Amino acid sequence: MNIDRLKNVILLIHENLFFLLRRTTWFIIALMAVFSVLLEGLFLLKGTHLGLDGFLSLWLGTTLTLLNLNVAYPIIFRFLGNKEIDYLQQPERLFDKYYAASLILALIMIVLPMGGLIFTLAVFGGSSAIYYLLGIGIVSFITRLGGGIFAKGADLASSMVKENDSRSPAAIADKIGDYLNNGLALSFDLIESLIGVLVAMILFIQGHLVDKSLRDTLYYAVLSYPFFIILGSIVISFISGFLLLGLKRKTLLGNALKPIHSIYVSLFMIGIFSFIFSIYYILPSFSFLSSLGFSTGISPYICIVLGLILAVFIGIATDYYTSDAHQPVRELASFAEHSAPLAMLNGLAVGMKSLYWPLFFEMVFFLIAYHLSGFYGIMMMATGFMAMAPTILAASLYAPFADNITGLAKMESQDPDILKGVQQLDIMGNTLSALAKNYASNATLIVVFSLFLAYIKVSGVHYDSVSIFHPLIVSALFFGGLLPYVLSSTLIRAVSYTAIQMADASIEQIKTIPYLFEQKAFPDMRVFILDSGVKIIRDLFLPTLFVLIIPIFIGKLFGADMLATIFMGIMISGIFLSISFTNAGAVLDNSKKMMEKGHFGGMGTQTYENAMMGDLFGDALKDLAGPSLNNFVKVMITVAIIILPLII
């Protein structure tokens, strides 16, 4: 193994990741400046102002998220140093190093936005929180779209040129894309949902203050309840993670199970903390509030438990549909024995089938929570569900490290012991990544529904006033349901064109750069990033503005009722597509991983080639089309709430 070349490839990945992030930052700043002016202009036309509090909150959310974008990975790469190369022959120690890095990274990325939200509430007031959420949401949306197109374009291009070969710029760009897409974009998605639950609660409770259905004296008790549950869950998650990290395990498998065990421990401890905090500190202060729909004094706590239980169900369902220990993955692998198209078709079928039980339980739990505590109960259930976000985020951030070191080891090493060790790390990374992506999609459903309830409360729209049978309402539902398909088709076509461009650029560099083919030189990644990654981000300017303007345009033309109806269509079709795409990609990926363990003939067979084709097809679904819909739906409802003063 050429250690010096491996170190240089890692350095090349880090340097060009930072370069792409800097360019992305300047693009987002320019976009936010244009959007801020447009938004202020719309308020001026209405005879009012955006307000200094709202403007500063919008830019605070943007700035803190951009700070995370630019400082999180430099800190972690400095923490890792050269240890990942030193530990290649000691996978147990390499796992501990990566898991420690993922815990520190998650801590950095959660503390900043949570601190920013508390600052916004204290300085600018509760009504400014929605602007703060939009600042986070726009950065998350662009990072997901740009990072997803770049990462999956590079992945496809690499397979078209020289896969896992350090001579190919596309292969190195694929590693950069992993950090951007499966690291930063996934983190921002989960953090946006976590902040979104709290913002929905703020708006909902403030709505009760406005209509005098809640006394001022109870406002802080009712509002602080979900905040303390989330803050407690953050502390518990990282304590359990670092404690388990310190445990010594005898085997690599025992070590690799630490993130899973951390999730279980956090779940148990969060349940206990919620019970003690609810019974002794919060519930006695508002034991029964008929205005919020409480049926019993402990109803809100029961709703939190429902959210925690739902998170467990989602985890079990994800494991069943995407793990090679269960029938769906094994059945898919058997289809790959016949042809790649059969594997792809049945991957899509499993993705659709994976909606059944999770959505059924979500519907049932929504109804139970509503019966116990009304709409506040649904939001508390969402709080319980999102209380698991910190530990799941910490576990999932391990995946890009494991995936990249596995790819780099395949590039530069033929040592079977090294390859076996890193592949075991990669398998656990894929499991954690699949869990996090599916959790993020289901979290979007729950959080967006909470924000929708806040929209209903703030706007004054009532379900009795909307006739579902009116042709205009039906048309609005159809239009809303159509938009996620428009976005998905656009992204899939974009990644296809990007892959072709990246493949051509890679072939050109291999042909023209002296000594690159002989592995005595390195590809010019700066030129490659400028021609692909920076161009992708730049091309997102107008589409992103269009997405932000859609709810404004619809709201101004048709009013709050019609906007709510359109959003219902977006929410249903968008989130259903997101979950099915995510699980379809995961099951196709894991069927290939199963063969890499030696099943169904193992690597080098036609079955494995078919599974690889299915995996490439599924990657664009689970890493781009599906997750992008999460960000799209959240940004749409956030903008809709902000423009309510303009349309009511």
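The values are calculated or read from the model by the stated rules, or taken from the named source; none is laboratory data. Predicted model, so just to flag it, every value in this text is computed and none were measured. All Cβ positions, glycine included, derive from the backbone under ideal geometry; neighbour counts span all protein chains shown. Keep in mind that these areas ignore ligands, DNA and RNA; they rest on the heavy atoms of the full protein, side chains included. Shrake-Rupley method; radii C 1.70, N 1.55, O 1.52, S 1.80 Å.
Rg over Rh for segment 569-611 works out to 1.27, both radii taken from alpha-carbon positions and Rh defined as the Kirkwood radius. Largest first, the residues F553, F227 sort by 1.4 Å accessible area into F553, F227.
Taking one quarter of the surface of the C-alpha convex hull of segment 316-461 gives a mean projected area of 11.8 nm². Against the chain, whose longest principal axis comes from its Cα atoms, helix 398-412 is set at around 20 degrees.
Take every Cα pair under 8 Å whose residues are at least 6 apart in sequence, average their separation, divide by the length of segment 375-430, and the relative contact order is 38 percent. Checking the a/c ratio against 1.5 first, then a/b against b/c, what shape does the Cα gyration tensor give for segment 516-648? Since a/c reaches 1.5 but b/c is at least a/b, the shape of segment 516-648 is classed as oblate. Across segment 535-648, Cα pairs under 8 Å and at least six residues apart give a relative contact order of 41 percent.
Over all orientations, segment 411-529 has a Cα convex hull whose mean projected area works out to 13.2 square nanometres. Both radii are taken from the alpha-carbon atoms of segment 1-82; with Rh as the Kirkwood radius, Rg/Rh is 1.25. The candidates Y220, Y321, arranged from most to least accessible area with a 1.4 Å probe in the full protein assembly, appear as Y220, Y321. Listed by chain and number, the lysines placed with their C-alpha closer than 19 angstrom to that of K593 are K152, K175, K410, K420, K437, K622; residues fewer than eight positions away on the same chain are left out. If the chain linking E518 and H338 were pulled fully straight, counting 0.36 nm for each residue of separation and taking away their Cα-Cα distance, it would gain 61.0 nm.
Given R0 = 22 Å, the distance between the Cβ atoms of L247 and D86 translates into a calculated FRET efficiency of 0.50. Distance from the alpha carbon centroid of segment 391-413 to that of segment 180-210 works out to 28 angstrom.
Using heavy atoms of the protein chains and a probe of 1.4 Å, the accessible area assigned to H14 is about 30 Å².
Volume of the convex hull of segment 380-457 (Cα atoms only), normalised per residue: 76 Å³. The calculated Kirkwood hydrodynamic radius for segment 3-153 is 17.7 Å, given to one decimal from all distinct C-alpha pairs. Seen from a random direction on average, the alpha-carbon convex hull of the chain projects onto 26.9 square nanometres. Once all protein chains are placed together, T490 keeps about 80 Å² accessible to a 1.4 angstrom probe.
Taking 0.36 nm per residue of separation and subtracting the current Cα-Cα distance, fully stretching the chain between D4 and L231 would add 77.3 nm.
For the residues E596, E518, a 1.4 Å probe over the protein chains yields an accessible-area ranking, largest first, of E518, E596. Projecting the Cα positions of L50, L257, H371 onto the charge dipole of the chain (unit charges on Cβ atoms of Lys, Arg, Asp and Glu, taken about the Cα centre) puts L50 furthest along the positive direction. Rg and Dmax of segment 99-218, both derived from C-alpha coordinates alone, stand at 19.9, 67 Å. Of the peptides 445-456, 259-270, 140-151, the ranking by mean beta-carbon count within 10 Å, highest at the top, reads 140-151, 445-456, 259-270.
Helix 416-459 and the longest principal axis of the C-alpha atoms of the chain enclose an angle of approximately 20°. Over the chain, DSSP H runs of length four or greater, each weighted -39,500 (n - 2.57), average out per residue to a 222 nm ellipticity of -28000 deg cm²/dmol.
To the nearest 10, the accessible area of R22 is 120 Å² with a 1.4 Å probe. Rounded to the nearest 10 degrees, the angle from helix 52-80 to the longest Cα principal axis of the chain is 30 degrees.
The relative contact order of the chain, computed from alpha carbon pairs under 8 Å that lie at least 6 residues apart in sequence, is 23 percent. For segment 495-570, taking the reciprocal of the average inverse distance between every pair of different Cα atoms yields a Kirkwood hydrodynamic radius of 15.9 Å.
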